[in-house]
Structures are given as structure tokens and as C-alpha cells.
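Worksheet for the structure shown next.
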Protein chains: 10
Amino acid sequence: MDLTDKLLAAKKAKGFSFGQLGELLGYDEVWVAALFYRQASASVEEVGKLADALDLPAAALEKLTESSLKGLGPVVPTDPLVYRFYEIMQVYGMPLKAVIHEKFGDGIMSAIDFTMSVEKEENPNGDRVNILMSGKFLPYKKW
Amino acid sequence: MDLTDKLLAAKKAKGFSFGQLGELLGYDEVWVAALFYRQASASVEEVGKLADALDLPAAALEKLTESSLKGLGPVVPTDPLVYRFYEIMQVYGMPLKAVIHEKFGDGIMSAIDFTMSVEKEENPNGDRVNILMSGKFLPYKKW
Amino acid sequence: MDLTDKLLAAKKAKGFSFGQLGELLGYDEVWVAALFYRQASASVEEVGKLADALDLPAAALEKLTESSLKGLGPVVPTDPLVYRFYEIMQVYGMPLKAVIHEKFGDGIMSAIDFTMSVEKEENPNGDRVNILMSGKFLPYKKW
Amino acid sequence: MDLTDKLLAAKKAKGFSFGQLGELLGYDEVWVAALFYRQASASVEEVGKLADALDLPAAALEKLTESSLKGLGPVVPTDPLVYRFYEIMQVYGMPLKAVIHEKFGDGIMSAIDFTMSVEKEENPNGDRVNILMSGKFLPYKKW
Amino acid sequence: MDLTDKLLAAKKAKGFSFGQLGELLGYDEVWVAALFYRQASASVEEVGKLADALDLPAAALEKLTESSLKGLGPVVPTDPLVYRFYEIMQVYGMPLKAVIHEKFGDGIMSAIDFTMSVEKEENPNGDRVNILMSGKFLPYKKW
Amino acid sequence: MDLTDKLLAAKKAKGFSFGQLGELLGYDEVWVAALFYRQASASVEEVGKLADALDLPAAALEKLTESSLKGLGPVVPTDPLVYRFYEIMQVYGMPLKAVIHEKFGDGIMSAIDFTMSVEKEENPNGDRVNILMSGKFLPYKKW
Amino acid sequence: MDLTDKLLAAKKAKGFSFGQLGELLGYDEVWVAALFYRQASASVEEVGKLADALDLPAAALEKLTESSLKGLGPVVPTDPLVYRFYEIMQVYGMPLKAVIHEKFGDGIMSAIDFTMSVEKEENPNGDRVNILMSGKFLPYKKW
Amino acid sequence: MDLTDKLLAAKKAKGFSFGQLGELLGYDEVWVAALFYRQASASVEEVGKLADALDLPAAALEKLTESSLKGLGPVVPTDPLVYRFYEIMQVYGMPLKAVIHEKFGDGIMSAIDFTMSVEKEENPNGDRVNILMSGKFLPYKKW
Amino acid sequence: MDLTDKLLAAKKAKGFSFGQLGELLGYDEVWVAALFYRQASASVEEVGKLADALDLPAAALEKLTESSLKGLGPVVPTDPLVYRFYEIMQVYGMPLKAVIHEKFGDGIMSAIDFTMSVEKEENPNGDRVNILMSGKFLPYKKW
Amino acid sequence: MDLTDKLLAAKKAKGFSFGQLGELLGYDEVWVAALFYRQASASVEEVGKLADALDLPAAALEKLTESSLKGLGPVVPTDPLVYRFYEIMQVYGMPLKAVIHEKFGDGIMSAIDFTMSVEKEENPNGDRVNILMSGKFLPYKKW
């Protein structure tokens, strides 16, 4: 049973949502989920708080303080939910590039100095998933 | 010179931003950029308005009323701006799946009943690119 | 022995067909098979009924209530039965796109709000496999 | 301008739907679309009828009597409409295999002795795309 | 030790050739080898005979009655013997297509209603491997 | 118009089958088709005979005397007829390896000192495509 | 003749080195080469200076003010000089990650706020290529 | 627990940095990290020193004296830190090739007779990662 | 511990070089290394001699008499030593083809009726690795 | 007509072999072929001599003085002659690595400080292609 499975099982047993763990740690629920999947790392104190909340020995979570190898998937994801983000990149990647360059100049949106949140918008025609990404604009340096 | 290049050249010659064309057509600038890159299609009337604005013969833009083959790129994008969206999918795809399933149940965020906008947030530490995606939640049907 | 193998073994031991399990759960046999292969998820009650029918402890089947990572195969399937569906996509994908766009406009057939069934048609020249897919049409939103 | 584009342009100019051309030739609209995309071949007489209907010289359509190299796309399609068929294969391929084997024994559904049609089902919750595939079951020969 | 290895070890221990097992089961040696590699499936009676011959408990061979996931290799095989068949497809695939279409019309050679045998032809300039493939011609259905 | 297309067009105009050209040149029809697709090379005399038969200037066919880059296709072929040969390699490659090793020892069937022919076997249950491959067995040299 | 070839030809005709052009523009020679290969973009004034130096009409170089699609190569480069950088990433990527994390914490070296220069170090045992890369450290933001 | 994990755990337990181990062994910290990841090999004496420092039995580290299979990753790395080196190769590979050829002639920078170090440059606008690579220039031999 | 590792460990423990084992068996050291990596197979007698030399039970080495699945690596090797052979094929493959065709006609160099040896040439400017490959020329058969 | 084709045509028209051109230039025939395929570069004088020999204007061959992008093929070559070199790398790459490491220590055979020649060995059992590769051994530097 790998660390992610152990964390997910403990979260389920304790009945926590990612949102509740996020409040407890002072971070967004998406970041907490990223920590569970080893895509983010936390300080020793934060890991201690998480261990307490989940009733797991802190030592078992120690790896969460390290930067593990990031990136979770096959080259093209097969899971339909994850694939839709690949599709958005395939279909809207160039239009986004054009609009960002028009508004900011030559550069990129950072995926490191970056935050992301998920909101549920209730809607009579079907609820909507609203995702807000915010990344620092990094202009290309000329040298 | 393909249709996308022709549109971009005319837009440049006329000095329009995507945002100005968006106001003219009544759509978001990202959608207009998607139309330029043949990732969206428009009605005959909309294409007519665009042709007028860009001083191009409507016939030259007729292909924009059709649904062309979507998807713009190599399997893994090499352009750094576009790649960052691939990276977000690789790194945060599973955490997003976990949070969306927790909030909505088993299903996906639609990439079809979907909108996206780009805001420039001025910030003394470096401006930020804020992207808001909104897609209808589609629950898996059991049958 | 993974969960899919355990389910298949229990089904064999009990002598159930997917169709009989489908009647028991109130769903189509294809959906039941998708549940066995972790491509669909079920409610706690449904998993309970299935556990009873297969004489397995409900706890062992608890994972079936979760949305696991979907998608089963190599990029291009090698199994001849599965490959034929890949071939249908390769050969008839563009013609289908053309016909669907002509009948519905720009959009897609949902693979989420989607059902599928398999009928055996007896035929003196060789029985036929009839597959009926039904997916909600999702028109591209303009925004 | 390749042959497919020429056929599509003539069809548009004449205002035919695939369905109308299908009635004219005595075939389903999907098969006609497959012929346009060079995924099916027709007899000299059928090509003659099509040339008449589209007001094109029969000689220009002569290639339609030959079996060209089939298969239209990239290994994993990027177009969202076409991709959904890839996704159905990825997600439901193994469940389909299990159900078909249970009902028919070891073998496959032919993609050659095969027909497919598309129906539009009007529905207050959103129209549905219904696809009926029918392929001869081919049992594995033992030898 | 997987089932294929177990079968091969028992065959070696008993000193059988595939040809001898083929006579025993009433099938060609290639088919027997395909059964060993889980690329073919057999009836309960046939598996019983094989179990007797190899002195293995029938229960251990029960999986041979099922249609397992077929296809054995990497996308491009690296084994030189297997690769040569890939090379034949790469080099002679189109010429074969041209000759088969000329002789039979538009369609394919079935790989399901299919038999194959291997003969050793003694030859002073070096023995020859003769392979006879026989597959039903399947004409493309028009619909 | 590349050389292969030119050859195929001349063959069609003259009404030759590959078999008739084969008789004329003293080779099998499959080899002639391989020559058309630039997968085999011929002597100056043979090319002269072919040019005469097809009423083409010998100079136009001069390239046929050279060994061009062989191999015609994508890594995994999408054409259904060609794919079936890929499938045979995927499904029966290892069983063939096992049988050939048992009969000949460690080595391969040459794809260079190799011949192949296609026979049409008329059959009330559907004609059969019979393919005979004959390649020299090359034992691995120990050194 | 594409823009890169045109620039390289003019540079050769004028006898400039990248270093001389760099001095002229006030940038490093590597950045100038990146501009030639459309991997960097310049201001209108800079492009004007370059056009003067190369005796090319400024209009012909206008594209250099735009951010074109970056990334030059096949997935794995085949050119030996370029490949060595791929090899360095393959062989030393994880050790670099370990050292950078140890020195800086969880984050990355930016490839956008980034400079690179090439020095020739004369050496009796063979000259050495010294490459200095300098990228801003971007710590992962927690949110 | 593989050898790399064992080494990393011992290093952590002992509180060593790569730099400290480097001083102890007389090598750069990057080389030590490469040794940990099995991308470099050491002499028996060096391994002995390392074993002493880490309080591990020398026998457990004996594999470090051998040249294991080098190369750590997927074809395109997904980890953002490692990916940036891939991006540098994609974006700046050709410009580097142009500059190196201009300065040195036709040849490459060796990745074998090669050293690399990482410096932390403190900077009020954000610390910088400085990487110095030094590889022997290898001119193409003419023969 | 797989068979290759077991053989390498015994060889190390006994202090043999591949050359010494080659003398013992009467074969070249490269062939012996190929046997260790399961890329060649040996007779029962040869395996017996090897078992004696390495002090291993003959039964443990019995698999060496069989032709295992050959080919050791990823599609593009990442190990620098192995990669250089890939590079030689990429860079010099076509020139070799041109020279071999000029000297021998249309055909190939066999990789089966093939030997290879490695010589160390001492050289004051750096020792050289000399590799001699010798393969039978196989002319393409016309049929 | 690209430069390689132009060179090959002129060589054919003049009736030169690569060996004769090699004598003329003072290089091996394989190197001359590499020059033809743009995998090597030559000095202005050498290009002048070649232009004279082939009766081509020196200006047309000027590109031969530049280091073009090297590497000629698809990732896995399909041409049988070229593929055999890929196969040798796949099958014998690891054994070669083991033997070279045993004889030279950790390092590689250079593919840059490298020569290669092809000899025809007449042999009653079939002529043999003898290839001699000689590359400088490059030991891994420790730093």
C-alpha cells in the first residue's frame, strides 16, 4: 500500500473532506490533494498537523517533506476527467497563447508560482465546475 | 498562406485586439482566438461581421462556419507557454480528479459546454495571468 | 489477485452471466461488466447487493464505490476484439464526424451521458453483434 | 484540392445532405460519408451516379472505385468528436469483450462485414446521438 | 511462474513436441503453441486431454478455456525472428494489398477465420521455412 | 505524381494485371507489385521490358534499378488489410517462434532470401486468401 | 526559403559572427542565435537594427517581433550535438534535482527568466565548451 | 528498497549534504548525487570511504563500482524541474549548435569528458540557479 | 535475482573475464557476454562447461539452451555507451546502405550469420575501441 | 531535387564509385557517402575538388561546408539493411557494454572521433560484409 493510498484510506476512515483538511492546514483543498498525490511537499510542522488529523504516525508521512518525482500519468491520459484537461490544452492552447501574448507580451504563465481552486456552481441546467488558475506572468528575459 | 495566417495578418493590419473583436461579435476574446485557430465555428452572420471588421471578402472566411478537425499540436507540446498547461494536467490532474469527485461525484467537467477567460491581474510582485474555466459537470450515467 | 479477477472468479463460481447480474442490480449487462473492470462506480447499496449475489464480503468490494482511474489499455489495443473498435474509429471517425455535424451542428456525442448495449442477432449467414450506443449531443458553447 | 475536399465542396454547392445522396445511391448516409473520405469504394456505376448528382466529371471521381489506404488519423485522435470513440474503446473495450465472449464465445465483431447508422433522437433533456453498429460475429477458427 | 511457463516446462519434462501434442488434440502444432501462449482458447474437453498428456491438474489449466487479452508484444518487436514478420508487413504490406484487391476486390484476409502452418523444407542450399496462411476473404459490405 | 502512381496508372490504362506483368517478366505477381511500390529493384533489362509493356520511356523507370529506402508505412498500420498482418505478428509471433525453434533450432526465417505468393481458393463458404511464404532458415552463428 | 534560412544566408554574406551581431544589438550571441531560429522575439527597434546590419528590408523581418511556436525538434533529437543535451538531462536530471532541492528547497530553475552563454576554453588536451546557464529559482507556491 | 533509496536514507539519517560528502570524497556535489542515482561509478576505495561516512557495510555499496545502465527517465520527463532541461534542449538546442559550430567548427561538446556544477546566487529579485557545464570539444574526425 | 545477474555475480566471484570464459568455451568474448544476457543460446554441453567453470548447478543454467525473447532495451537506448550505436545507425545508416549497395548490389548484411569482436588498440592520444562486424551478405531474391 | 539527390545523380552520370571519389579526396568511401547524405562536412577546398570531379558548380555544393542537422531516419528504421544495425544495437548492445567496460573501464566508444570502413570478403559460402568501426575510448571523467 503506497503512501497515497494510505493517506486516502485514513482520510476516508476519519471522514474528512479535502476542504476540511485544507482549513486545518490553512491551504486550499486542491493543494492538499496535490500533497496526497506527492505533487507538492510540506514542512515538517504541516506534516505533523496532517499526521495528527489522520491519526497516522508522523514518521510514516515524512516523505511528504521531500520533493518527489512529479507528473502522474501516461503521456496522453486515458481517464476521461483528466483527459478533458489535455483536450483543453490541445484545442485551446494556441488561442490562449495568442491572447496571453497580446495582453502580456512574450512569456508564459508560471505553473510553479501558481494556484488553482475548484468551485461548485449550482445551476438549474446542471451544476458547473469552475476552475480558477492564477500563475505569475514570466516575461522572456533577453540577455 | 492558410486561413489562420490570413486572419491574423488582417487583424494586425487593422490594429484590432482579440478583445475588440470580441466586443464586436459579442463573445469573449478567447473564443475569438479559438475561431481564428479553427477550433470553434461561427454562424454565417457572425462570419459576415468578422469579414466586415477585417475588410476581408466573406467568401474567404466561409470555412469558419464549418467544424474543422480540432486539436492543434504535437502529442506533447514543445512551446513553453502551451506546455505549462500540459504540465498542470500531468501534475495536478489526479488531485483535481479527487477534488471534483469529492464535490460532485463520479463524472467529468465538460470541455464542450465550457467557457474560458483570461484576466490580467496587475501585481507589484509581477503581474498574474488568471484563467477561469467553467465547464458543466457531467455525471456518469448508469444504465 | 486484483479486484477484477476476484469479481470474475466469484461470478464464474456462482454461475452468473453479466445479464443475470444486470437484472439483479437493475442495470444493463454492459454497465455491470464496466463495474467489474473498474470503469464505472456504484452506490453503497448497489455494491451491497452485488456482494450478496457473489457471496463476497461487502468490504472487499468497497472500492467499487470510488471513481478509479479509467482507461484500460495500451495506446493502440492489440487484442483483436478490442482493436476492431479502434479500427472503426480510425476508418469511420471522420465520416461519423461529418454526418453528426450535418445532423446536429458543431458538437460531440457525449461518452459520459452515454449508454451502450449488445444484442445477439441470430442469422443464418452468421450471427451478428449489434451494438447500440446512445450519447447526449453536446453542442459547443459559444462564449 | 484533394478529392475529399472537391466532393465536399460540390455537395455543399448542390445543397445535398449525406442522407439525400444516400437515398440517391441506395446506401446509408454514413457509408456515403465514408466514400467521400476514401474509406469505402464504389462500383463504376455508383460513381457515375454520384458524379451526375454532384455535376462533376466521372473521370475526376474514378479513384473512388479503388481501395485506397484506409485509416484517417493520428494514433490518438485530437478532435473531440472523434476522440470520444477512442475513449469508448479505452473505457468500455474490456467490458465489451467480456460481454461479447459471454454471449458468443471466443471471437470478434467484424469491422468489415459491418454496417453503422446514426439516428437523431429528439429529447427534451437534450437530443441524443444514437449509433447502431452491426458486425458479423467471427468465431476463432481452431485448426 | 505463469501459466505459459508452466505449460512449456511440463511439455519439456514430458518430452513432447508441439506436433505430438497437436496430433493428440487433433489440431495443428501452431494452434497448440498459440494455446500455450494464451492466444487461443480451448473447450473444457480439450483442456482435459492436454492436462492428462502433461500430467497437470485440469484445474490449473482452466484459464485456457477463456479468451484472454491477445497480443504478445511491444509495438515493434525486438526479437529478430518475430521482427521479420513485422518487416514483411512493412515491406510487402502494400504490394500484398494491391494483389489481393486485384484478385478479390475491396476487402481483407481474415485473421480470425484463419489457419497457419509451418513446414520444414530440406534444401541443400539451406533448409527453408515455409509458412502457409489461409484466411477467409471478407469483402467490405456496402450498406 | 510519384513513380508508383505513374506505374499504377499505366498498368490500369494498359489493362494489365500484376499476374500478366509477372508472366511477361518471368516473376511472381507479388514481386512485380513490390517493384511498383519500390520495395524491390530490377535489372536494366527487366526495367526495359516493363517500360515497353507499359509504354513508358525507360528513362522514367530508371529509378527501379536502385535500392530505395524500404518500408512503407506508419509504425502500426491503419489500413485494415495491412493491419491484419500486423495482428498475425502480434498474436501468433511467439507461437511461431516456438514452433520454428522446435523444428529448426535457434535462428530465424529470412525475409531477404524469401518468396511469397497469393492464391485465391474458391470456397462455397467464402473464398479464401492463401499466402505461401518461404524463407531460408538462418541459424544463429556462434563465434 | 524560410526566415531562418534567409537570416543565416544574409549573415554569411555579410561575414558576421553571432558574437558581432550580439555586440551590435547589445545581447549575447546565444540570444541572437535564438532569435534567428525564432525561439526569441525582439522589439521593432531591435529588428530594425538587425535588418540594417544584414541589409534586409525591415518588413521581411517583422515576424521576429512575434512570439512564434517554440521548440525545434523531434521528441528525441538525432543530431549528436543536440542529443548530448538530451543525454545530460537523462543522465544527470535526477542528480541535479537532488542538488537543487538540497540547496534551494522545492522548486525549479526557470527556463524563461534565464540566460545562457558559451565560452571557448583553450586547453592543450583539447579545447573545452563551457556553458553557463543562469535561471531564477522559482519556489513552489503553497496555496 | 533499492540502492539509491538506501543511500538517500543513510545520508538523511547522518545529516550530510551532497556538498559535505563531496568534500569527503574529493568530488563535486553533483558527481556525488550522480553516484547515488547510479549514473556514475566509483573505485573500491571511494566506495569504502562513502560506506564509512554513511555507516553502511561496504558490501552493500559494491554495485557502485560497476557501470550500471544509465539514463533515468521517461522519454519526455514529466517532473517540472527535470523538464526545464528538456525544454532548454528543445528551445535552445539549435541556437547552441549554431554558436558552437561557429566557435569550434563541426563537432560536439562531450557529455562524457564533462563536468557540471550548481551555484546558488543570492539575488534580491529572487535567487538564481547557476549551472556551469564544461565538456571537451570533440571535432568530427574525417577519415 | 534473474539468471543474468546470477551469471554475472558468479563470474565476478570466480574472477573470470569474458575473454577467459570465451577461451574455455571456444568462443569469442562478445558471444559469451551475449549468452549471459540471454541473446544467444548454447548446447547442453556448452552450458555444462559454463556451469562447471562458474560453480553453478547445471540445472540453474538450463534456460541458456533455449532461444529466449531477444532485444534488450527501450526503443531509443538512454545508456550513453549503447546510444552511440544507435547514433551510428542514425547518422551513418544511409551512407552504409549506399556503400554496401554499390559494392554488393541490393541486399543486406545478415545480423544472424554474423560475428563481432572488440579489440583494444592502445594509442598515446587515447586508446581506441575497434569493433569488427562480419555478416554474410544476403542478396534480395527475386521470385 | 535536394542536394543529396543532385550529388547522387552527378556521381551516377560521371560513373564514379564512392571508392573512386574517396581516392580523389583522400578519404574513405564511407566518409564520402556520409558527406553526400549531409552527415559530414568538408572544407572549402575539398568541396571544390568534389565539384570539379562531379562537374557541378562549387556554389551549388557550398552547403557541404556546413554542419547540417544530422540523423537520417525514423526512430526505428524500416529499411531492412539499416534496421539490421538497429537490431545489432538491440541484441548486442548490453553484451558490448559489458565487454567494453571489462576491457576499458566506465566510459564509451566515441561516435565522433570515429572511423568506419566496409570491406567485401569473397567467400564460397556467400560473400561477407566486414565492417570495422574504430572509436576513441572516452573514460567518464570524475569531477
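Readers should treat all values here as calculations from the given coordinates under stated rules, not as data from a laboratory. Everything quoted here is computed from the prediction, not taken from an experiment. Note that each Cβ is placed from the backbone with ideal geometry, even for glycine, and that neighbours are counted across all protein chains shown.
Scanning the range A:3-56 for residues that are over 11 Å from the mean Cα position of the chain (by Cα), at positive phi and among the charged types (D, E, K, R) returns a single hit, A:55.
Residue by residue, here is whether (1) surrounded by 19 or more Cβ atoms within 10 Å (Cβ to Cβ); (2) among the acidic types (Asp, Glu) holds:
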{"residue": "E:60", "(1), (2)": "no, no"}
{"residue": "E:63", "(1), (2)": "no, no"}
{"residue": "E:70", "(1), (2)": "yes, no"}
{"residue": "E:82", "(1), (2)": "yes, no"}
{"residue": "E:93", "(1), (2)": "yes, no"}
{"residue": "E:102", "(1), (2)": "no, yes"}
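Within the range A:14-57, the set of residues being small (Gly, Ala, Ser) and free of Cβ contacts under 8 Å to residues at least 12 places away in the same chain comprises A:15, A:19, A:22, A:26, A:34, A:40, A:48, A:51. Checked against (1) facing another protein chain (nearest Cβ under 7 Å); (2) surrounded by fewer than 16 Cβ atoms within 10 Å (Cβ to Cβ); (3) under 26 Å from residue A:77 (Cα atoms), residue D:74 passes all but condition (1). Yes or no: residue F:27 more than 26 Å from residue I:139 (Cα to Cα) and aromatic (Phe, Trp, Tyr)? No, not satisfied.
Taking the range I:104-136 as the range and being surrounded by fewer than 22 Cβ atoms within 10 Å (Cβ to Cβ) and aromatic (Phe, Trp, Tyr) as the test, only I:104 passes. In the condition set (1) in a helix (DSSP H, G or I); (2) within 14 Å of chain C (Cβ to nearest Cβ); (3) touching a Phe, Trp or Tyr at 6+ places or on another chain (Cβ under 7 Å), residue A:83 is compliant with all but (3). Of the residues making up the range H:11-26, just one is surrounded by 20 or more Cβ atoms within 10 Å (Cβ to Cβ) and of a type in the set (Phe, Trp, Tyr), namely H:18. Taken over the range J:1-44, the criterion of being among the hydroxyl-bearing types (Ser, Thr, Tyr) and more than 11 Å from chain I (Cβ to nearest Cβ) is satisfied by J:27, J:41, J:43.
Here's the yes/no breakdown for (1) within 17 Å of the chain's Cα centre (by Cα); (2) of a type in the set (A, V, I, L, M):
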residue: J:59; (1), (2): no, yes
residue: J:62; (1), (2): no, no
residue: J:65; (1), (2): yes, no
residue: J:70; (1), (2): yes, no
residue: J:87; (1), (2): no, no
residue: J:107; (1), (2): no, no
residue: J:117; (1), (2): yes, no
residue: J:133; (1), (2): yes, yes
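Restricting A:93, A:105, A:126 to those that are over 24 Å from residue B:137 (Cβ atoms) and of a type outside the set (D, E, K, R) reduces the list to A:105.
The set of residues from the range F:45-87 being touching a helix residue (DSSP H, G or I) at 6+ places or on another chain (Cβ under 8 Å) and of a type in the set (S, T, N, Q) comprises F:65, F:67, F:78.
Within the range A:92-143, being at the interface with chain B (Cβ under 8 Å from one of its Cβ atoms), touching a strand residue (DSSP E or B) at 6+ places or on another chain (Cβ under 6 Å) and either part of a loop (DSSP other than H, G, I, E, B) or touching a residue at least 40 places away in the same chain (Cβ under 8 Å) (or both) holds for A:116, A:118, A:126, A:127.
Across the range C:102-127, what is the total count of residues that are farther than 20 Å from residue C:89 by Cβ and among the charged types (D, E, K, R)?
Residues flagged as farther than 20 Å from residue C:89 by Cβ and among the charged types (D, E, K, R) within the range C:102-127 amount to 5.
Looking only at the range D:47-56, how many residues end up being more than 14 Å from every other protein chain (Cβ to nearest Cβ) and farther than 26 Å from residue E:98 by Cβ? So the count comes out to 5.
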